[in-house]
Amino acid sequence: MSQRPIYLDAHATTPMDQRVLEVMLPYFTESFGNPATNTHVYGWEASAAVKKAREVIAGIINATPEEIVFTSGATEANNLGIKGVAEAYFNQGKHIITVVTEHRAVLDPCAYLETLGFEVTYLPVQSDGLLDLQKLEAAIREDTILVSVMAANNEIGVLQPLAKIGEICHSHGVLFHSDAAQAIAKIPLDVAAMNIDLMSLTAHKIYGPKGIGALYVRRRNPRVQLASQIQGGGQERGRRSGTLYPPQIVGFAKALEIGVESMDTESERILQLKKQLWSMFKPLEGIHLNGNFDNSLHNNLNISIEGVNGSALLLGIQSTVAVSSGSACSSESTAPSHVLTALGRSEKLAHASLRFGIGRFNTPEEIKIAGETAIATINSLRQASQFKTKS
Ligand SMILES: *Cc1c(COP(=O)(O)O)cnc(C)c1O
């Protein structure tokens, strides 16, 4: 019983793939140079490794290497993209459009910009989490400079129609930013075909290292202006100063490469696991699927459960299964998830929810145990609370 719980929290982070670790290791020790140094071989080696990684990452999203700015992750990429555009374009307008179900790393920079005099429209979503494109188009104004809509939601997995959003934004001459932290290497992302102008990425949700990510910044049609948010040595063409971190960058590229190579087979395999899990919960009374089963990440299953207390549920399963619930940030937090309440869920049902994030290393046997554990806990909590089923 000293076994560690089954990890089903892939939206929070993922374990690093051994193949990623292996390509990173030499850059901590022998090839430790500073990529900005051009006077000796140590710098050249590091610089060559970064150059190659940058090409790989750019190629995967159909961008050019100059369009990739390395950051510490998607939080920083979102901050740089949103605040960097706001600061560069405020002469043209101070209106930004985003969506209520975005990650805090988008909502909070937007809220910060409001304190500086920007105006932000937070679009609602439909009950399945999808954005209404007519509402988006109607919200665009003369002074709108940026639309920020995530590719895949980190709680409910819902996939927003990026290509259509990009088309709408470009037809109105508005820049389009997308937080693709959850979507990259899960669905095909093509910044050219989807008219994406800025896109945030992170490595640790795709079996790469923590502390590294990137912002894609379009250089042609249109050339996006960006005000740097960290000034210093002028790295990343002045867009993000600070010594680059070659082991992380090399690992990020490797993680992305593996993720994209195995995307088709893994999507299918993980979708089967999601179906297996859902088929266990579905027959129960009072279970609500949060999101849109078909139009969502294959590795996400989010359910709300009637007749149970959210923290009691989590407490009941956490020694066997590691998952997240619908309480924001930490289990101590009393705020229900802003994503689930945006779908119209009551605070109680938002709290009484489980988010399963299925990953590369999960097996059908683990899914079975996870489902059985959750269901046994649900049943015993319902018995205690005398939850009445309809039958
Ligand atoms: C995880 C996540 C982030 C934050 O990424 P970090 O690299 O951890 O900073 C931002 N947006 C979404 C949608 C995420 O899932």
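The values are calculated or read from the model by the stated rules, or taken from the named source; none is laboratory data. Remember, it's a predicted structure, so these values are computed and weren't measured experimentally. Here Cβ is always computed from backbone atoms with ideal geometry, including for glycine, and neighbour counts include all displayed protein chains. To get the accessible areas, we keep the full protein, side chains included, count just its heavy atoms, and leave off ligands, DNA and RNA. Shrake-Rupley method; radii C 1.70, N 1.55, O 1.52, S 1.80 Å.
Here the 3J(HN,Hα) profile of the stretch 189-199, calculated from phi with Karplus coefficients 6.51, -1.76 and 1.60 at θ = phi - 60°, is 10, 9, 5, 6, 5, 9, 6, 8, 9, 9, 9 Hz, Gly and Pro shown as x. Restricting the calculation to alpha carbons of the stretch 2-43 gives Rg and Dmax of 17.0, 53 angstrom. Considering every alpha-carbon pair of the stretch 204-264, the percent of pairs per 10 Å bin, from zero through the bin containing the longest distance, is 20, 38, 34, 8, 0. Each of Leu136, Cys110, Ala49 was scored by the projection of its Cα onto the charge dipole of the stretch 28-140, and the greatest displacement toward the positive side belongs to Ala49; charges sit on the C-beta of Lys, Arg, Asp and Glu. Taking each DSSP H run with n ≥ 4 as -39500 (n - 2.57) and averaging over every residue of the chain yields -11500 deg cm²/dmol at 222 nm. Relative to the longest principal axis of the Cα atoms of the chain, the long axis of helix 246-261 makes an angle of roughly 60 degrees. A cut-off of 5 Å between modelled amide H atoms, ignoring neighbours fewer than 5 places along the same chain, links Val147 with Ile97, Leu175, Phe176, His177.
What ranking, highest mean first, results for peptides 205-213, 177-185, 241-249 when packing means the other Cβ atoms within 10 Å averaged over each residue? All intermediate terms of the calculation are to be shown ahead of the outcome.
Details: 205-213: 23.8, 177-185: 27.2, 241-249: 19.8.
My ranking of the peptides, most packed first, is 177-185, 205-213, 241-249.
About its Cα centre, the dipole of the stretch 152-221 is roughly 200 debye, where the only charges are +1 on Lys and Arg Cβ and -1 on Asp and Glu Cβ. By the equivalent-ellipsoid construction on the alpha carbon gyration tensor, the stretch 172-294 comes out with semi-axes of 34, 19, 14 Å, ordered largest to smallest. Considering the stretch 1-160 at the alpha-carbon level, its Rg and Dmax are found to be 20.3, 62 Å. With q set to 0.10, 0.13 Å⁻¹, the log10 of I(q)/I(0) for the chain, from the Debye formula over equal scatterers at the Cα positions, is -0.67, -1.08.
Centre-to-centre separation between the Cα atoms of the stretch 248-284 and those of the stretch 61-92: 27 Å.
Evaluated on the stretch 203-356, the Kirkwood hydrodynamic radius is 18.8 Å, with distances taken between all distinct Cα atoms. Each listed q (0.13, 0.18, 0.19, 0.23 Å⁻¹) maps to a log10 I(q)/I(0) for the stretch 90-203 from the Debye sum over equal C-alpha point scatterers, namely -0.44, -0.88, -0.98, -1.44.
For the stretch 283-382, the per residue solvent-accessible surface stands at 39 Å², with DNA, RNA and ligands left out and a 1.4 Å probe.
The share of C-alpha pairs in the stretch 335-377 whose separation exceeds 12 Å stands at 67 percent. The charge dipole of the stretch 7-64, taken about its Cα centre with unit charges on the Cβ of Lys, Arg, Asp and Glu (plus for the first two, minus for the last two), comes to roughly 200 debye. Helix 364-385 and the longest principal axis of the C-alpha atoms of the chain enclose an angle of approximately 50°.
In what sequence, highest mean first, do 110-116, 350-356 appear when ranked by Cβ atoms within 10 angstrom? Please report the intermediate quantities before stating the final value.
On the way: 110-116: 14.4, 350-356: 27.0.
Ranked by mean Cβ neighbours within 10 Å, highest first: 350-356, 110-116.
Per-residue 3J(HN,Hα) values for the stretch 314-324, derived from phi via the Karplus relation 6.51 cos²θ - 1.76 cosθ + 1.60 with θ = phi - 60°, read 4, 4, x, 10, 5, 7, 10, 10, 9, 9, 10 Hz in sequence order (x marks Gly and Pro). Sequence-ordered 3J(HN,Hα) estimates for the stretch 300-311 from the Karplus curve with 6.51, -1.76 and 1.60 and θ = phi - 60° stand at 10, 9, 10, 10, 10, 10, 6, x, 9, 8, x, 6 Hz, glycine and proline given as x. Among residues other than Pro161 with Cβ under 12 Å from its Cβ, the summed charge is -1 (Lys and Arg +1, Asp and Glu -1). Amide H contacts of Asp9 (H built 1.01 Å from N, in plane; Pro and chain starts excluded): Gly357 sit under 5 Å, all sequence-distant by 5 or more or on other chains.
Using a 1.4 Å probe on the protein chains only, how many percent of the accessible area of the stretch 269-391 belongs to carbon and sulfur? C and S fraction of accessible area: 54 percent. In this Cβ point-charge picture (+1 for Lys and Arg, -1 for Asp and Glu), the chain has a dipole of about 260 debye about its Cα centre.
Each 10 Å bin, from zero up to the one with the longest distance, holds this percent of the alpha carbon pairs of the stretch 130-193: 21, 54, 24, 2.
Only one residue of Asn34, Phe281, Ala10 has its Cα farthest out toward the positive end of the dipole of the chain, where Lys and Arg carry +1 and Asp and Glu -1 on Cβ, and that residue is Phe281.
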